[in-house]
Structure formats: structure tokens, C-alpha cells
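The structure appears below as C-alpha cells.
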Amino acid sequence: MQILIFAGTRNGRELAVELADKGHGVTVSSMSAHGNGLVPEHGHIKGIYGKMIQEDIEQYMREQHIDVVIDATHPYAVAISRNIIGSTHALGTPMIRYERKSSICKDMGKHVDTYAEACQYLNNHQGQILFSTGVNHIDELVRLLDKKRMVVRILPVETSIQKAYDCGLQDNQIIALNPPYTLEDNLKHIKTYHIQYLVTKDSGHEGGTCMKIEAAKQAGIELIVIDRPKIQYPVCYDEKEKVLAHVYGLNK
């Protein structure tokens, strides 16, 4: 089989290796060159990268005779997931969603649906804020908040750091560090930057969410959770074995 995996997570890359070991041809699509550099070297795995809209995905599927598509992107990568759903539906190609398990219960912290909702809450409360939510929404955050209150934790890549600078953040507001972040890392950042609010996504155990929850608890600060977007997938699993069983079932 020819399998296209959108692998914005380590789970997706590990899945690619298991499928390739069975002799399937696997293409791993990443958003960035950084992500493409994490694709495992394997004789049956090919890495591609770059932003793809629905038409791009459909064209690639036709040209490469893709038999099944697996969406293993980050739980918050809404646009690409919707493009994958649209393209597979248009071509009648089976699609499987492989999603990280949630690490958060509803009684853990304050839950909001959007960054704007988080900012509305924070504007009514004083104190420094650590955003451990990546770089994508920094421009929105600085519009809605007093940016002097903000500290952002982002990947140590040039484009991310430059975006933070372009949004008006200073060196002492930027933590450029590769994950995973340990409990000690989180506690250190909370103490060093005098943080009263830790904003996180529900990125699962792999995304370090458990360490953030525990750090907020130990430090006695408030946790604010941006809940996962609600997307209707044709098929969705949070266990690798179930994804593999589904793929192998298609090959019978």
C-alpha cells in the first residue's frame, strides 16, 4: 500500500516506521523543514514538507496513487485536518485520524475554547502570564493583552524567535527551548519570570501537558487550558495498535 501520513507529532513518525517495516510505501508530510528533519531514515519512508491546501493534497494523492491517508497532526492543527478530510472525501480515499490522548480533566484549571476567551479572562486578573502554546497565536495575544505581562515559550528556531520579536516581545519575554519540558523546567520558568498564570493547550502526555499541570499545582498558580477544537473525523483512534489494525484491514 501507498500511505500518506501527516505527521506533526512523534506518534505519527513512530507509526510511519512500523508501517514501513511491513513493506508499505510511506510518505511523511511535515509543515516545516524542522519537522522534515525529524522524519526517520528508512528505505520505505519519504519525507516532504510545506503548507498544503486541499487541492495540493488531492494532486499529491493522485500522482502518488495514495491508498490511505493518516492524519497524525497536532490536536490543534485545525486547518490541515480539515483539508485532509476534504481531500480524502473528494477522492473517496480512506482516512484515519490518529490523535493523542488527552491529559486533562475538566476540573483541572480554567477551560476556554479560544485564545480571545483566555485573554478576556486574563485582562480581568493581574499578574505575569506564561504562554506555553507555541508561536502561532502570538500576534493575536499581543493585540488583546498588555504584552508587558507576557512570557512565551517557543521552539529555538529562527522563524519563531523572529515572529516573537516582530510582535514586540523582548529577550526577557522569550524562552526559546526544545521540548520536552520537565517538571523542573516548568517550575524554574514559573519562579524566574514570576508567573501567576500558565496557559497551555491539551497536547497530551507527549506534549508535556502532565508536567505543566503538576508544575502549576506545586507553584500554586492558575492553569488556563485552551481546549481542543471539535472536529468530526470519519475514523479516529488514540491508540497506535488500533490504527495499525485498521490499515491492515484495508489491505485484505
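Any read-out appearing in this document is the output of simple, stated calculations on the displayed coordinates, not a laboratory observation. Only a predicted model underlies this, so the values are computations on that prediction, with no experimental measurement involved. We place every Cβ from the backbone using ideal geometry, glycine too, and count neighbours over all the protein chains shown.
Quick rundown of the values:
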read-out: Among Val69, Val28, Val142, residue whose mean-square fluctuation peaks in a GNM of the chain (springs only between Cα atoms under 10 Å); value: Val142
read-out: Shape call, the range 99-172: gyration tensor on alpha carbons, a/c limit 1.5; value: oblate
read-out: Whole-Å semi-axes of the chain's equivalent ellipsoid (Cα gyration tensor); value: 35, 18, 17
read-out: Computed magnitude of the charge dipole of the chain (debye, nearest 20; Cβ of K, R +1, Cβ of D, E -1); value: 360 debye
read-out: Degrees, to the nearest 10: 78-91 long Cα axis against longest axis of the chain; value: 20 degrees
read-out: Residue-averaged [θ]222 nm for the chain, counting only DSSP H segments that reach four residues, each worth -39500 (n - 2.57); value: -11000 deg cm²/dmol
read-out: Shape category assigned to the range 110-226 from the gyration tensor of Cα positions, a/c cut at 1.5; value: rounded
read-out: Net charge contributed by nearby residues that have their C-beta within less than 12 Å of Tyr115 (K/R +1, D/E -1); value: -3
read-out: GNM flexibility winner over the chain from Glu158, Glu214, Glu18 (Cα, springs under 10 Å); value: Glu158
read-out: Estimated inter-spin distance, His65 and His89, nm [label 7 Å along Cα→Cβ]; value: 2.8 nm
read-out: Inter-label distance, nm, simple model (7 Å from Cα along the C-beta direction), Val78/Asp171; value: 3.6 nm
read-out: Gaussian network model of the chain, Cα within-10 Å springs - most flexible of His74, His137, His205; value: His137
read-out: Long pairs among Lys101/Lys147; Lys51/Lys217; Lys51/Lys163; Lys51/Lys110, criterion Cα-Cα beyond 28 Å; value: Lys101/Lys147; Lys51/Lys217; Lys51/Lys110
read-out: Estimated distance in nm for a label pair at Asn178 and Glu241, the labels positioned 7 Å out from Cα along Cα-to-Cβ; value: 3.2 nm
